[in-house]
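Student: Mind looking over this structure? Questions follow.
All of the numbers you see were taken from the coordinates with simple rules; none came from a lab. On a predicted model such as this, the values are computed, not experimentally measured, just so you know. Glycine gets a Cβ as well: all are built from the backbone with ideal geometry, and neighbour counts include every protein chain shown.
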């Protein structure tokens, strides 16, 4: 197993454990995941997060991972741990599209359904990502 695959496996397993142990019910986390997955899909001209994952070519994939990394750093700098966690969930989901180990598929499928549910609930509540104001 490649080192990157092992790291991904560990991150996915840990994320699944955390989400199913209660973190997955956190309303703010769910809303943030839903808002970002919808915005990113819409900005890319995709129907939804799943469609974006499926259609993302190499440059789009790389760009999204760079976006997640940069935004997460900014969020953590401003102590927005929920926002950073939401982007981590989406990043793991995006990386998952290139994972083919059969034993990971149930976790990947769960994550895709979870994100779709978060997005659906965020849309129902009219939630959307607000642009940064640059103020502290």
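Student: So what's the range 71-115 giving for Rg/Rh, alpha carbon basis, Kirkwood Rh from the mean inverse pair distance?
Tutor: 1.10
Student: Follow-up question, since we're still on this one. Which value in Å is the Kirkwood Rh of the range 1-78 over different Cα pairs?
Tutor: Details: mean 1/r = 0.0697 Å⁻¹.
Taking every pair of different Cα atoms in the range 1-78, averaging 1/r and inverting gives 14.3 Å.
Student: Once you keep just the Cα pairs under 8 angstrom separated by 6 or more residues, what percentage relative contact order results for the chain?
Tutor: Details: 108 pairs, mean separation 52.1, N = 136.
It comes to 38 percent, rounded to a whole number.
Student: If r is the Cβ-Cβ distance from residue 25 to residue 5 and R0 is 35 Å, what FRET efficiency results, to the nearest 0.05? Before the final figure, lay out each step's value.
Tutor: Numbers: r = 29 Å, r/R0 = 0.84.
That pair, residue 25 with residue 5, gives E of 0.75.
Student: Give the peptides 71-82, 42-53 in descending order of average Cβ contacts within 10 Å, highest first. Provide the component values of the computation, followed by the final result.
Tutor: Details: 71-82: 13.7, 42-53: 16.4.
Descending packing order for the listed peptides: 42-53, 71-82.
Student: For the range 9-63 and the range 83-113, what is the centre-to-centre distance using only Cα atoms, to the nearest Å?
Tutor: The range 9-63 and the range 83-113 have Cα centres spaced 8 Å from each other.
Student: Something else: Using 0.36 nm per residue, how much length does the chain from residue 17 to residue 100 gain when fully extended, once their Cα-Cα distance is taken away? Mind dumping the intermediate values first?
Tutor: On the way: separation 83, 0.36 × 83 = 29.88 nm, distance 2.01 nm.
The span from residue 17 to residue 100 would gain 27.9 nm if fully extended.
Student: A further question on this structure: Once the piece of chain linking residue 55 and residue 74 is laid out straight, how much longer is it, given 0.36 nm per residue of separation minus the C-alpha distance between them? Don't jump to the answer; show the numbers that get you there.
Tutor: On the way: separation 19, 0.36 × 19 = 6.84 nm, distance 2.72 nm.
Full-extension gain reported as 4.1 nm.
Student: To one decimal place, what Kirkwood hydrodynamic radius in Å is obtained for the chain from all pairs of distinct Cα atoms? Write out the running numbers ahead of the final one.
Tutor: On the way: mean 1/r = 0.0655 Å⁻¹.
Over the chain, the inverse of the mean reciprocal pair distance is 15.3 Å.
Student: Also: Under a crude label model (7 Å from the Cα following the beta-carbon direction), how far is residue 66 from residue 113 in nanometres?
Tutor: The modelled label-to-label distance comes out at 3.6 nm.
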